[in-house]
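Taken together, the values in this text are just the output of simple stated rules run on the coordinates, not laboratory data. All values reported here derive from a predicted model rather than from experimental measurement. Neighbour counts are summed over all protein chains in view; Cβ atoms, including those assigned to glycine, are modelled from backbone coordinates with ideal geometry.
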DNA sequence: ACGTAATGTAAAGCGTCCTTTACTTTATGT
DNA sequence: ACATAAAGTAAAGGACGCTTTACATTACGT
């Protein structure tokens, strides 16, 4: 329940930060390429630890990577 | 793998914000009391959507609720 | 001291995050 | 046009977040 939406800027940030490939980004944050693909595609939300790793890899805050909308 | 630590200030923020009980906080963010207990006890990390809801309930950023350490 | 609210502990079950494997499609360079 | 790298799709399995139920303990008010 609670229809909420989570979008992210991973794909954009990946290119803003020295043209990282999905595989390279996956290696840096310690997950598989499939996980990066799924997150970029918005198939599911990452865990909080992974969100932290992604944000730090890009040198920004979690709020700058992920946008969460609460439709209440 | 990748021994990382996640701590949080949920319990402290709960008292700073008008003396919320675990049950009241659980209701506001849409989970059960058990989930709040487990998170306060550090038993597991919340999902990213739940982390967003908690942070917004307290009126702060995710980084102000959760502290993540990367031991690399 | 007693009753009630608040917090804590435990365990089974479900859904979702993430992995692993394998194959296909799209882009890039020469 | 061809070879290779990068990105996409799919599906089974494991790990973990979260629920549900039930009971135990601690704090608080009168």
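Can you tell me the length gained on complete extension of the stretch residue B:4 to residue B:16, counting 0.36 nm per residue apart and subtracting the Cα distance?
Stretched out fully, the residue B:4 to residue B:16 stretch lengthens by 1.6 nm.
Measuring from a point 7 Å out along Cα→Cβ, what nm distances, shortest first, does residue B:44 have to its partners in the other copies?
1.2
Ignore the peptide's own chain and count Cβ atoms of other chains within 10 Å of each Cβ in A:63-69; give me the average, rounded.
The per-residue average across the peptide is 3.
Considering every residue in A:52-58, what mean count of other chain Cβ atoms within 10 Å of its Cβ is obtained? Let's see the in-between values first.
Numbers: counts 12, 4, 0, 3, 2, 0, 0.
Other-chain Cβ atoms within 10 Å of each residue's Cβ, averaged: 3.
Report, please, the projected area of the protein assembly as shown averaged over directions, based on the convex hull of its C-alpha atoms, in nm².
8.7 nm²
Taking each residue in A:40-50, count the Cβ atoms of any other chain within 10 Å of its Cβ, then average. What number comes out? Please list the in-between numbers first.
Details: counts 0, 0, 0, 0, 2, 6, 2, 7, 15, 9, 2.
Neighbouring Cβ atoms belonging to other protein chains average 4 per residue here.
With runs of 4+ DSSP H residues as the only contributors, calculate the mean residue ellipticity of chain A at 222 nm using -39,500 (n - 2.57) per run, divided by the residue total and rounded to the nearest 500.
Mean residue ellipticity, 222 nm, calculated: -14000 deg cm²/dmol.
Hey, for residue A:64 with labels 7 Å out along Cα-Cβ, what do the inter-copy distances come to in nm, ordered shortest first?
Nearest first, the other copies' label points are 1.8 nm away.
Sorted from shortest, what are the nm distances separating the label point of residue B:30 from equivalent points in the other copies, each placed 7 Å from Cα along Cα to C-beta?
Label-point distances to the other copies, shortest first: 3.0 nm.
Using 10 Å bins from zero, what percent of all Cα-Cα pairs in chain B falls into each bin?
Once binned at 10 Å, the Cα pair distances of chain B give 20, 57, 19, 4.
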